[in-house]
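Some notes on the structure that comes next.
The values are calculated or read from the model by the stated rules, or taken from the named source; none is laboratory data. These figures come from a predicted structure and were not determined experimentally. For neighbour counting, all protein chains shown are included, and Cβ atoms are generated from backbone atoms with ideal geometry for every residue, glycine included. Protein only, heavy atoms only, side chains kept; ligands, DNA and RNA dropped before computing areas. Shrake-Rupley method; radii C 1.70, N 1.55, O 1.52, S 1.80 Å.
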Amino acid sequence: GLQTIAAFKAKGYEVTAFEKAPEVGGLWRQNYLGYGVQVPKEYFEFADYPSPAASGEFVDGPSTQNYIVDYAKHFKLDEHVQTGTTVEKVEPKDGGWQFTTKKDGVENTHQFDYCVVSQGMYSTENRFIPSVGNQEGFQGTAMHSTDFQQPEQVAGKNVVVVGGGKSAMDCAIAASNSGAKRVTLVSRNPHWPTPRKIAGLIPFQYIFLSRFGTALVVGHKGALPGTPNPMPLWHSLGWPLMAAAFKAVEVIFAAQFNMLKGPTSPLGKSDVLENFYGYAQVLDTTFQSKVKEGAIRWHIGNPERYTATGLQASGEELDADVVVFATGYGKDYSIFTDEVRGKLDLQTDGHWLYRHTLPTAVPNLAFVGSELATISNISSYGIQAAWVAKMWAGEFPAPTGKEMEEEIAANKAWKRRWMPLTTSRASLVLLHQTHFHDMLLKDMGLPHRRKGSNFVAELFAPYAPADYKGVIGA
């Protein structure tokens with residue numbers, strides 16, 4: 001949202017943003033105990049405002065929140081944000097949009113020419129907790145991971161964490177570090193972790209955020225629709241070689257995380273890239289070390305019902321005083337009228353948009369930073385915001401309806417062919433992010449090769465937000 005304000009300010013627009021919380025920052029304001037970013041600080045910073053964290057640091061949540069607040073103040077973006085304000089309804093009116101908001105119990109209406117939804121990929125307002133029978137018979141406490149914020153909530157207690165993603169592992173680690181009596185992680189299936197350093201030597205970003213690394217991914221699973229040759233040609237010729245290469249990668253990852261065999265091993269059960277596009281997680285070895293030491297038990301199973309003293313998962317009863325559901329969030333489009341929602345391409349696997357930004361049938365509406373998942377989200381959202389601002393300012397032609405429909409159809413076919421079925425599949429770009437950035441930059445008439453005349457860096461160095469400095473406002 002803040003980068004959207006910056007991008008539109010740069011083009012001379014009068015911008016107003018509404019924020020329900022008392023301060024900017026979104027989920028970084030408050031989340032589960034021990035939350036933080038998955039990538040080094042160089043890949044989670046604003047392109048025009050470097051993070052003060054040490055090089056290579058994986059920054060914790062509170063520090064990230066402070067950095068976001070500083071960014072907003074430095075560029076006076078906070079002056080455009082009405083905090084403590086809930087958006088009750090957004091509806092088309094007079095060729096633009098009428099917002100109905102509420103603050104301190106007082107309702108107001110506002111008229112705007114354009115509407116940009118920038119609420120992030122996740123929201124604490126729509127927490128997903130799976131239905132588990134006999135909850136009324138459980139004598140302990142059940143909560144969503146967002147509510148697990150204090151060590152005292154779990155100290156000295158039997159804790160069961162339900163989930164298979166990074167947040168579930170983070171919560172299990174936090175419970176163990178907080179003095180829980182016993183910690184059990186319950187996951188339906190084991191998922192592939194990506195190590196921060198591959199084989200303990202190579203930082204993951206050199207493989208997965210460089211053009212060379214992206215080419216390896218393309219060779220295995222194909223090019224993001226719209227990527228020009230030679231990438232699609234490379235996939236058609238190179239996929240057998242890359243399929244074999246990624247089998248070797250799986251063995252390396254499994255050995256590195258002590259997951260070569262047993263029910264918690266994903267080896268032979270799922271493709272490492274396919275699994276990453278459903279359950280992306282970049283980890284150090286803390287979780288696996290705690291499992292090996294016996295500090296955390298990892299149980300593969302499906303939660304079935306509560307008992308008085310715990311949770312039954314796949315026939316086994318697990319003692320629990322506290323059950324933490326690290327099971328994600330749902331999307332909510334209820335601020336829009338039924339008519340608008342009916343025109344959005346909302347499917348069981350997500351919200352399908354042109355360039356992950358524009359709906360085909362609703363003019364003057366865009367989604368920035370809410371329907372797009374990459375590895376360096378913060379840089380992607382800045383480029384995305386600049387793209388919308390320049391397009392609506394008339395600096396490059398808007399796509400035709402046919403162009404939008406054709407791209408969305410191509411993305412649906414490609415993603416549904418190999419990505420796991422999740423509620424966020426439509427949004428996933430992840431390891432193809434460099435090629436996605438290229439598309440937006442080309443649309444805007446900006447250079448997409450950002451490493452200057454250094455061919456080696458262009459090919460092998462990872463792309464970071466700093467490479468896109470100046471895009472907002474260009």
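Label separation (TRP414 vs GLU57): 3.7 nm, computed from points 7 Å beyond Cα along the C-beta direction. Computed on protein heavy atoms with a 1.4 Å probe, the accessible areas place ILE5, ILE202 in the order ILE202, ILE5, largest first. With the contact rule set at Cα under 8 Å and sequence spacing of 6 or more, what percent relative contact order holds for the chain? Across the chain, relative contact order equals 23 percent. In order along region 233-247, phi translates into HN-Hα couplings of 5, 4, 5, 5, 9, x, 4, x, 5, 6, 4, 5, 4, 6, 5 Hz, rounded to whole numbers, per the Karplus curve 6.51 cos²θ - 1.76 cosθ + 1.60 with θ = phi - 60° and x for Gly and Pro.
Between GLY36 and GLY61, the built amide H atoms are under 5 Å apart, and every one of these is 5 or more places off in sequence or on another chain. Annotation: amide H of VAL162 within the under-5 Å range of VAL186, VAL324, PHE325, ALA326, sequence separation 5 or more or interchain, hydrogens built in the peptide plane. With the helix formula -39500 (n - 2.57) applied to DSSP H stretches of n ≥ 4, the chain reaches a computed 222 nm mean residue ellipticity of -10000 deg cm²/dmol. Within straight cross-link reach of LYS197, meaning Cα distance under 15 Å, which aspartates and glutamates are found once same-chain residues fewer than 8 apart are removed? Straight-line reach from LYS197, under 15 Å: GLU57, GLU250, ASP284. The HIS110 and GLU304 beta-carbon pair, evaluated with R₀ = 51 Å, returns a calculated FRET efficiency of approximately 0.60. Rounded to the nearest Hz, the phi-derived 3J(HN,Hα) couplings of region 338-347 under the Karplus curve 6.51 cos²θ - 1.76 cosθ + 1.60 (θ = phi - 60°) are 4, 5, 5, 4, x, 8, 7, 8, 8, 10, where x marks glycine and proline. Available extension along the chain between LEU241 and LYS76 is 54.3 nm, counting 0.36 nm per residue and deducting the alpha carbon span. Counting protein heavy atoms only, region 381-474 has 58 percent of its accessible area on carbon and sulfur, 1.4 angstrom probe. Taking amide H atoms as placed 1.01 Å from N in the peptide plane, the amide H of HIS351 lies under 5 Å from those of ALA426, SER427, each 5 or more residues away in sequence or on another chain. Rounded to the nearest whole Hz, the Karplus-based 3J(HN,Hα) values (6.51 cos²θ - 1.76 cosθ + 1.60, θ = phi - 60°) of region 365-373 follow the sequence 10, 9, 10, 10, x, 10, 9, 8, 10, with x at glycine and proline. Net length available on complete extension from THR423 to ASP332 is 31.5 nm, with 0.36 nm assigned per residue and the Cα-Cα distance removed.
DSSP beta bridges confined to the chain are antiparallel in about 50 percent of cases.
Within straight cross-link reach of LYS412, meaning Cα distance under 18 Å, which aspartates and glutamates are found once same-chain residues fewer than 8 apart are removed? Here the aspartates and glutamates satisfying the reach criterion relative to LYS412 are GLU274, ASP345, ASP349, GLU371, GLU403. Indicate the gyration tensor shape class of region 353-416 (rounded, prolate or oblate), computed on the Cα atoms with a ≥ b ≥ c the square roots of the eigenvalues: a/c under 1.5 is rounded; otherwise a/b larger than b/c is prolate and the rest oblate. Oblate, because a/c is 1.5 or more while a/b does not exceed b/c. Note on LYS469: aspartates and glutamates with a C-alpha under 20 Å away, same-chain residues under 8 apart excluded, are GLU42, GLU45, ASP48, ASP70, GLU395, ASP438, ASP443, GLU458.
In this structure, VAL251 and LYS102 have a Cβ-Cβ separation that, at R0 = 56 Å, corresponds to a calculated FRET efficiency of about 0.50.
If I take R0 = 22 Å and measure r between the Cβ atoms of ASP345 and ASN126 in this structure, what FRET efficiency does the formula 1/(1 + (r/R0)^6) give, to the nearest 0.05? So, using R0 = 22 Å, E works out to roughly 0.70.
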